[in-house]
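Just below is one structure, and these are the notes that go with it.
The values are calculated or read from the model by the stated rules, or taken from the named source; none is laboratory data. The structure presented is a predicted model; accordingly, all values stated were derived computationally and were not measured. Cβ atoms come from the backbone with ideal geometry, glycine included; neighbour counts cover every protein chain shown. The accessibility values were calculated without ligands, DNA or RNA, using every heavy atom of the protein model including side chains. Shrake-Rupley method; radii C 1.70, N 1.55, O 1.52, S 1.80 Å.
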Amino acid sequence: MIKLRNIKKQFKHNQVLKGIDLDVQKGDVLVIVGPSGSGKTTLLRCMNYLEKPDEGTIEIDGFTVEGSHASKGDILALRRKTAMVFQHYNLFKNKTVIENVMEGLIVAKKMPKKKAKDISRALLEKVGLAEKVDEYPSQLSGGQQQRVGIARALALNPSVILFDEPTSALDPEMVGEVLSIIKEIAEEGITMVVVTHEIDFAREVANRVIFMDEGHIVEQGTPQEVLIHPKHERTKRFLRRLT
Ligand code: ADP
């Protein structure tokens, strides 16, 4: 589903990604862990070209983009294959909950309003927000806003959903409700890549984990291999610090 080859990215003099190769299979739940600043979010954002890689190729669901010289059409096509769930939800504040979910269907998919509304209502029910459809984001808790973000991503019916630290802006008591929705979606077989600090979630939900440090993938494998029996000293140190 995703094939990255030699992805490099530099901000000024800071080489953040140092040649990343990564394969994600259809139905994979890939969790990316690693210390702050190791390049996890940048890698995720390169996948849909929210960050432009300096080098390398990105292939998603059969569509290939050369990192450093993609056309506008290429970028649009790549973005249509993915949906992103952001740390800070990125909802439209002046639109209601249901309008936030409908937006992508009407604008990107050119769907008639009635159909977009029916699909959005069903997805909001699925994430437990049937009662909130006509409210505005500011009337919702952080956990509820993030569930709108998830419904919005699902509405696009993408080949892969990218989660960028989806619970790290939430109050602790709201983390569980969001993780359990993500777990439910994962069990439906949707391909997803999740950047998170929630190691218990990674252990429970991921089928593959990669550990990144300083712009490299240090270690990858099953949650058992990477998070319970890591081979590399760097991974061990990271996990020790978290426990
Ligand atoms: P992580 O997600 O692992 O915490 P990031 O990918 O967010 O790491 O960041 C990796 C490094 O890149 C950090 O040193 C960060 O400061 C830097 N960085 C990220 N985005 C930008 C940007 N837009 N401009 C400049 N530096 C950035």
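What to note about this one:
- The simple Förster model, with R0 at 35 Å and r as the Cβ-Cβ distance, assigns A108 and D134 a FRET efficiency of 0.95.
- Loop-resident trypsin sites (Lys or Arg not before Pro) (DSSP state other than H, G, I, E or B) in the range 135-239 with no more than 14 further Cβ atoms inside 10 Å of their Cβ: K231.
- Highest mobility in the GNM of the chain, judged by mean-square fluctuation with C-alpha springs under 10 Å and restricted to A202, A77, A153, is found for A77.
- Separation between Cα centres of the range 215-243 and the range 145-161, rounded to whole Å: 29
- Interchain or long-range residues, amide H under 5 Å from Q87's placed H: D164
- Secondary structure note: in the chain, about 55% of the DSSP beta bridges are antiparallel.
- When only alpha carbons of the range 136-239 are considered, Rg and Dmax amount to 14.9, 48 Å.
- Charge tally around A83: other residues with Cβ under 14 Å, Lys/Arg +1 each, Asp/Glu -1 each, net +3.
- Solvent-accessible area, 1.4 Å probe, carbon plus sulfur percent, for the chain: 48
- Gaussian network model of the chain, springs between alpha carbon atoms under 10 Å - residue of E214, E187, E131 with greatest fluctuation: E131
- Three principal axis extents of the range 9-55 based on alpha-carbon atoms, in descending order, are 36, 22, 17 Å.
- With all protein chains kept in place, the per residue accessible area of the chain amounts to 48 square angstrom at a probe of 1.4 angstrom.
- Counting DSSP beta bridges with both ends in the range 83-220, the antiparallel % (nearest 5): 35
- Local electrostatic count, L50, Cβ distance below 15 Å [Lys/Arg +1, Asp/Glu -1]: +3
- For the chain, hydrophobic long helices are taken as DSSP H runs at least 15 Å long by C-alpha position along their axis with mean Kyte-Doolittle hydropathy of -1.0 or more; these are 97-107, 142-155, 172-187.
- Viscosity 0.890 mPa s, temperature 25 °C, Stokes-Einstein D of the chain from Kirkwood C-alpha radius, µm²/s: 133
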